[in-house]
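The values are calculated or read from the model by the stated rules, or taken from the named source; none is laboratory data. Note that this is a predicted model, so its numbers are computed, not measured. All Cβ positions, glycine included, derive from the backbone under ideal geometry; neighbour counts span all protein chains shown.
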Amino acid sequence: MITQIAKAQLSDSEINTAVKKASFFDFRGSNVLDIGMGTSVPNNDYDNPLFEIYFKVGYKRYLTPHLSLSVDYHKFNLANENIANTGLMSFDINMQVLLFPYHKFSPSIFAGSGFLASNYFEDTYQKLQLGAGIEYMIIEKIGISIFSDFNYMLDDTLDGLEAGGANDTFFRLGFGVNFYFGGTAKQEEIMRNVPTVIKSNPIRNH
């Protein structure tokens, strides 16, 4: 429920735009706690890559309904059959675009850079990542998602073997739960000059 007293004369178009922007905070919010798990697999200089389990936890801040900045921690292994199984962690920063922020269901794309380290920080690496996902809001403030990312190392030393003409890469695929919170103040700011008492939640119909 969004309640405001008129403070300015707005056009119908301006009112509709304000209501639409404010509706983002009915299902979602300014902040997100993101928890997920899935699998990781290397694409390196060895044969027979294996799928290993991985976990993530992250925080996301929405700058606009379409655009957010996230910081994530990932814990995972990269393995090749009968050769190596290396425990790793990464700290990633991404910019994400949510394509349909006013709908329950929305795809997204993201890109950024990360810092990768072996267990106990014995070895460290830098990387770039690019990914995509799909989110569905099951109830207000809680969404579920599937996502995948491609990670490109800035050198060819991650697997301990420098061979071939390409740097090491790896993929991650996961399932997550997103917990939204905050945004009430932003919603009130958007609706400050809307001249009627409005209850609006257009994304419920999608």
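Brief remarks on what is shown
- Flag for I35 being farther than 14 Å from R172 by Cβ and of a type in the set (V, I, T): yes
- Every condition in (1) surrounded by 14 or more Cβ atoms within 10 Å (Cβ to Cβ); (2) within 17 Å of the chain's Cα centre (by Cα); (3) modelled with pLDDT of 95 or more; (4) not basic (K, R) holds for Y59 except the one numbered (1).
- Residue within the stretch 66-86 that is without any contact (Cβ under 8 Å) to a residue 60 or more places away in the chain, in contact with a Pro (Cβ under 7 Å, 6 or more places away or on another chain) and under 30 Å from I190 (Cα atoms) present: yes
- Of all residues making up the stretch 151-166, the number that are of a type outside the set (S, T, Y), modelled with pLDDT of 75 or more and surrounded by fewer than 16 Cβ atoms within 10 Å (Cβ to Cβ): 3
- Positions within the stretch 137-147 being loosely packed, with under 15 Cβ neighbours inside 10 Å and of a type outside the set (D, E), in sequence order: I138, I139, I142, I144
- Residues of the stretch 112-126 satisfying the condition of being within 22 Å of I146 (Cα to Cα) and surrounded by 15 or more Cβ atoms within 10 Å (Cβ to Cβ): G112, G114
- Test for S23: is it at negative phi, out of contact with any His (no Cβ under 7 Å at 6 or more places or on another chain), modelled with pLDDT of 90 or more and not basic (K, R): no
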